[in-house]
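These notes concern the structure reproduced below.
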Amino acid sequence: MMIQVVYCLLVHKNPSQVERLISRLSDGAAHFVVHVDKKADLNDFSFLNKNENVHVIADAVVSNWGQFGLIEATLRLITYVHRSVRNYDRVVLLSGQDYPIKANSYIREFFQKHPDRIFMEYFEIPCIQWNNGGIDRFPYFQSVRNVLKICGGSQWWSMPAFAVDFLIGTNDDLSILDDYFKKVVIPEESYFQTVLFNSNHDKILSNLRSESLHYIKWSGNSAHPDLLTSAHFENMRQSAALFARKFDTGFDSGILDLIDNKLLLNNKY
């Protein structure tokens, strides 16, 4: 049986690039649930309404980088999936500036080989990856860590249905945690890691893998990843990642053509 993959997209600009992303991931079976930032003009994204496998979240929020709005937007995406997409097996969280670097057949077979695995980069705070161990991001860190294992990692993840069901089923229980994370700096890089690691859910804990499915290039101490260009192509070709970010066709118009022509044609698992 073909695995049912749902792509949840956080979108705020570059509508033509978003349209291309959806077109490239569309294989006749994939579903897309899209949150367009409340500040954006929905008329620019009218193409989303022309695909029966695409649904746009109606109750959009402002989802600025580093703010709790990104958590709210993500929760609204997976809530829609949980309630409205039948028989889904896996959710993949992407931004509108992501792009696949493996063919759809490869991606689908990869997930079929790992049906229960939760792909989510994680590390416990304090960590070596962030300045000052990341402690400065979390108010009252020393007190909070006595009752909560605080974890961080990449915002971008992929979960099987049972993990999404857990998150939605415990949403009412997370109100206190939500209040705390509204004070956390860049909460999208720690919220879901912290929730799952404090779940005491055996199936979740046994299937968590600190493994990112994205190729991302960071330079220095920048808070944002590098924009990927044709100069990064060979590294992407050699990467085991399924997706890469972030792209801006206004910055390099040829990189997505290069990926299409060299990586996505006749690429098998």
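Within region 120-148, residues that are without any contact (Cβ under 8 Å) to a residue 24 or more places away in the chain and under 17 Å from Asn221 (Cβ atoms) have Cβ atoms under 9 Å from residues that are part of a helix (DSSP H, G or I) and among the basic types (Lys, Arg) in these pairs: Trp130/Arg137, counting only partners at least 6 apart in sequence or on another chain.
When region 152-193 is examined, which residues are found to be hydroxyl-bearing (Ser, Thr, Tyr), surrounded by 17 or more Cβ atoms within 10 Å (Cβ to Cβ) and not in a strand (DSSP E or B)? Please lay out each step first, then the result.
Let us first name the residues in region 152-193 that are hydroxyl-bearing (Ser, Thr, Tyr), namely 154, 158, 170, 175, 180, 190-191.
From the residues that got through so far, the ones that are surrounded by 17 or more Cβ atoms within 10 Å (Cβ to Cβ) too are 154, 158, 180, 190-191.
Answer for region 152-193, where residues must be hydroxyl-bearing (Ser, Thr, Tyr), surrounded by 17 or more Cβ atoms within 10 Å (Cβ to Cβ) and not in a strand (DSSP E or B): Ser154, Tyr180, Ser190, Tyr191.
The single condition among (1) surrounded by fewer than 18 Cβ atoms within 10 Å (Cβ to Cβ); (2) in contact (Cβ under 8 Å) with a residue 12 or more places away in the chain; (3) of a type outside the set (Gly, Ala, Ser); (4) assigned to a helix (DSSP H, G or I) that Ile204 does not satisfy is (1). Flag: Ile204 does not match the condition of being closer than 25 Å to Asn64 by Cβ and either modelled with pLDDT of 95 or more or not acidic (Asp, Glu) (or both). The residue of region 229-251 that is nearest to Arg108 (Cα to Cα), among those that are touching a helix residue (DSSP H, G or I) at 6+ places or on another chain (Cβ under 6 Å) and not polar (S, T, N, Q), is Leu242. Checked against (1) over 15 Å from Arg117 (Cβ atoms); (2) surrounded by 19 or more Cβ atoms within 10 Å (Cβ to Cβ), Leu196 passes all but condition (1).
The values are calculated or read from the model by the stated rules, or taken from the named source; none is laboratory data. Keep in mind it's a predicted model, so treat the numbers as computed, not measured. Heads up, the Cβs are rebuilt from the backbone with ideal geometry, glycines too, and the neighbour counts pull from every protein chain shown.
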